[in-house]
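All remarks here apply to the structure that follows.
The values are calculated or read from the model by the stated rules, or taken from the named source; none is laboratory data. Note that the structure is a prediction, hence the values are computed from the model and not measured. Here Cβ is always computed from backbone atoms with ideal geometry, including for glycine, and neighbour counts include all displayed protein chains.
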Amino acid sequence: MMRLNVFLLVLILCCALGAVTSQHKARKLFQEMEAEQEHARRLEVEFGQLQLELSTWATSPRIERIAREKLEMRLPEPARIVTVLPAGSGDDQ
């Protein structure tokens, strides 16, 4: 009877240690998951900011201003504009 009691006590201790260990691992994994979700949220915010910045950089007025100021580009005079039609457009008559 004494051996059975000792065996049951050891078995209970092993089960308790297993439960504590698995609960500890579960908490650690939950903390890691929360940290990764926070990181993902930060990346989403940064992505949104970058998309907004990209749309700002690619606006037509900005590109036109840079072309005029830095590259000194101007619209050609109307007399110098030539319209080229694709071959076979039917305007050969």
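Looking at segment 33-65 only, could you name the residues that are within 30 Å of LEU75 (Cβ to Cβ), in a helix (DSSP H, G or I) and polar (S, T, N, Q)?
SER55, THR56, SER60 - these are the residues of segment 33-65 that are within 30 Å of LEU75 (Cβ to Cβ), in a helix (DSSP H, G or I) and polar (S, T, N, Q).
Which condition from (1) surrounded by 10 or more Cβ atoms within 10 Å (Cβ to Cβ); (2) part of a helix (DSSP H, G or I); (3) modelled with pLDDT under 95 is the one that CYS14 breaks?
With respect to (1) surrounded by 10 or more Cβ atoms within 10 Å (Cβ to Cβ); (2) part of a helix (DSSP H, G or I); (3) modelled with pLDDT under 95, CYS14 is out only on (3).
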